[in-house]
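Encoded as structure tokens, the structure appears first; notes follow it.
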Amino acid sequence: MDEWGERGHGILFALVGGSIFKAMFRNAGSRIRPRAGALLAARAAGLLALAQLLPLVAAGQEQPAGKPGDPSGQPPPAAGAPAQPGAPGAGKAAPTRAAPPATPQPEGWRFLATGRADVGYDTNVFQTESATGDAFTQLGGWAAVSRNDGRTLLRGRVDVSGKLYGRFSRADEYEGLLDLTGARQFGPLRAGAILGGTYLDIRALDREGNLLPRSNLTSLASRAMAFGDLQVTRTLYLNGQALYRYKNYEETPDLTSLDYGEWSGELALSQYFPKRISIRVEGLLGQRDYSDLQAAQATGEILPANPLLQLRRFQGEARLRKRWGANGMLQATFSLRRYEDLYQDEMSSDQSTGTLRLRHPMGAWLFEVGGAFVSRAFDLRDSGAGEPLEEEYLAFDAHLERTLWAGARLSGGYDLFRRSTNDPDGDYTVGTWQLGLAHAF
């Protein structure tokens, strides 16, 4: 969970998921018997994994909350306040040389916490062409406890948040996160594990998709991850991780469960140069296996004998970053992602993403601006206009933050998201204004 999602990039994840749901459920109703149409709409939840790339690349390669000492870690938060768990730079020190930061110095138990309150206005709550706006209030905070003896690091983190709309309470959102991390240094190798859980209470008439036939999409996800960071030379690091996650959705009577298990493995190389310039390349292989949801024929029809849906993921990313000062950063990323439906390719798709982000400190002020462009094309899935579904997403954000006093930060900004697609009536634009105050304890 990020600081209202690291400058609003959670909009990317949420809106992409919502738009996919709309297209799939509409198409299912026109081509498939009622029960199969509900199944097809339900299994669109699987494609939310595709959108998870968006907030990550928009803000930089975010590491799971609690992972210590990743040499490719993000810039730290604004001066005077600790990083939010899960936000770029959470739990990491700012490097002072071309090479990654060294292992943190020994210390006893530490406790950090931050509370935050935001007010804002969403110009298009339900992501439709006929936009309906509403004001919202967002409240939340996090707490972390850690201990480091120079070789072993233990850390626990808890995040909670709630987003409350003024007129459309059915669009309210609630989130909770727990992460437990253990890591140990073995010479040039740092290895560890993370156990975590996430609770989401997201209504059907919000950014998860306003046409999904469910009263809500409450879910509980658990995950286990093992990771290692190896210092090959003073400026070259090899990073790897293996992850398994299981997501359990609240069941809806007479509709197929959306539950799934997912595994992934990732390898990355990070090279650090003088002038605080770094390059990172990474590759990922993963697979999502649904517990009850069936795969569809190439035509979109779901037959009783069809196997369970399985989606295999291939992903590669390259990133170039330049840093300065305590928080300054200029970063560009490009990534390619391929999802393969292992049955008849009905859910297979290709996606490319490019991002650019600037973060510049100006004394007590911190200015940040960034953008992302995503292009996704499905092999077979019908757009509703007799051709395969194609989508393009454009996101832009600008934010300004000021440190008021030690531990207190005032921030405000604007986020813009636009979807263009060959899905009839699928184009829309969302703008969000937000003003917030955070205080560290």
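The values are calculated or read from the model by the stated rules, or taken from the named source; none is laboratory data. Owing to the predicted nature of the structure, the values given are computational and were not obtained by experimental measurement. Quick reminder, even Gly has a Cβ in these numbers, built from the backbone with ideal geometry, and neighbours come from all protein chains shown. In case anyone asks, the SASA skips ligands and DNA or RNA and just uses the protein heavy atoms, side chains included. Shrake-Rupley method; radii C 1.70, N 1.55, O 1.52, S 1.80 Å.
What about T252, is it loosely packed, with under 15 Cβ neighbours inside 10 Å and of a type in the set (S, T, N, Q)?
No; evaluated as a whole, the condition is false for this residue.
So L153 passes all but one of these: (1) free of Cβ contacts under 8 Å to residues at least 60 places away in the same chain; (2) buried (at least 20 other Cβ atoms within 10 Å of the Cβ); (3) of a type in the set (A, V, I, L, M, F, W, C). Which condition number does it fail?
The failed condition is (1).
Can you find, within region 258-287, the residue that is most open to solvent (accessible area, probe 1.4 Å) among those that are over 19 Å from L342 (Cβ atoms) and without any contact (Cβ under 8 Å) to a residue 60 or more places away in the chain?
Initial filter on region 258-287 (over 19 Å from L342 (Cβ atoms)): 266-283.
Still in the running and without any contact (Cβ under 8 Å) to a residue 60 or more places away in the chain: 266-267, 269, 271, 279, 281, 283.
Values: E266: 24, L267: 113, L269: 79, Q271: 51, I279: 74, V281: 71, G283: 33 Å².
Top of the filtered list is L267.
It is to be established whether one or more residues within region 400-407 are within 24 Å of G133 (Cα to Cα) and either free of Cβ contacts under 8 Å to residues at least 24 places away in the same chain or surrounded by fewer than 20 Cβ atoms within 10 Å (Cβ to Cβ) (or both). Full working, then the answer.
If we filter region 400-407 for residues that are within 24 Å of G133 (Cα to Cα), which is where we start, we get 400.
Narrowing further to those that are either free of Cβ contacts under 8 Å to residues at least 24 places away in the same chain or surrounded by fewer than 20 Cβ atoms within 10 Å (Cβ to Cβ) (or both): 400.
Yes: region 400-407 contains one or more residues that are within 24 Å of G133 (Cα to Cα) and either free of Cβ contacts under 8 Å to residues at least 24 places away in the same chain or surrounded by fewer than 20 Cβ atoms within 10 Å (Cβ to Cβ) (or both).
If you check every pair at least six apart or on different chains, which have Cβ atoms under 6 Å apart with a residue in region 99-127 that is farther than 29 Å from S161 by Cβ and surrounded by 15 or more Cβ atoms within 10 Å (Cβ to Cβ) first and a residue that is modelled with pLDDT of 90 or more and of a type outside the set (S, T, Y) second?
A99/R234; T103/Q185
Just the residues that are buried (at least 18 other Cβ atoms within 10 Å of the Cβ), farther than 19 Å from S349 by Cβ and charged (D, E, K, R), please, taken from region 301-338.
Within region 301-338, R319, R321, R323 meet the criteria.
Working only within region 159-196, note down all residues that are touching a residue at least 60 places away in the same chain (Cβ under 8 Å) and surrounded by fewer than 16 Cβ atoms within 10 Å (Cβ to Cβ).
L180
Can you name the residue in region 217-267 that is within 19 Å of L308 (Cα to Cα) and aliphatic (A, V, I, L, M) and, of all such residues, is modelled with the lowest pLDDT?
So, considering only residues that are within 19 Å of L308 (Cα to Cα) and aliphatic (A, V, I, L, M), the one modelled with the lowest pLDDT is L255.
Cβ-Cβ below 8 Å, separation at least six or inter-chain, first residue in region 326-349 and within 16 Å of P388 (Cα to Cα), second open to solvent by 50 Å² or more (accessible area, probe 1.4 Å) and of a type in the set (G, A, S): which pairs?
From region 326-349, no pairs qualify.
Is there a residue being outside any strand (DSSP E or B), over 30 Å from A135 (Cβ atoms) and open to solvent by 40 Å² or more (accessible area, probe 1.4 Å) anywhere in region 350-361?
Checked against the condition, which is being outside any strand (DSSP E or B), over 30 Å from A135 (Cβ atoms) and open to solvent by 40 Å² or more (accessible area, probe 1.4 Å), region 350-361 yields no hits at all.
Would you mention how many residues in region 416-430 are open to solvent by 10 Å² or more (accessible area, probe 1.4 Å) and touching a helix residue (DSSP H, G or I) at 6+ places or on another chain (Cβ under 6 Å)?
So the count comes out to 0.
Yes or no: F373 assigned to a strand (DSSP E or B), surrounded by fewer than 15 Cβ atoms within 10 Å (Cβ to Cβ) and either touching a Phe, Trp or Tyr at 6+ places or on another chain (Cβ under 8 Å) or aromatic (F, W, Y) (or both)? Give the steps one after another, and end with the answer.
On the way: assigned to a strand (DSSP E or B): yes; surrounded by fewer than 15 Cβ atoms within 10 Å (Cβ to Cβ): yes; either touching a Phe, Trp or Tyr at 6+ places or on another chain (Cβ under 8 Å) or aromatic (F, W, Y) (or both): yes.
Against the criterion (assigned to a strand (DSSP E or B), surrounded by fewer than 15 Cβ atoms within 10 Å (Cβ to Cβ) and either touching a Phe, Trp or Tyr at 6+ places or on another chain (Cβ under 8 Å) or aromatic (F, W, Y) (or both)), F373 qualifies.
Given the structure, is L293 of a type outside the set (D, E, K, R) and open to solvent by 40 Å² or more (accessible area, probe 1.4 Å)?
Answer is no for this residue.
When you go through (1) over 21 Å from L330 (Cβ atoms); (2) free of Cβ contacts under 8 Å to residues at least 24 places away in the same chain one by one for Y414, which number turns out not to apply?
For Y414, the exception is condition (1).
A298: of a type in the set (G, A, S) and open to solvent by 50 Å² or more (accessible area, probe 1.4 Å), yes or no?
no
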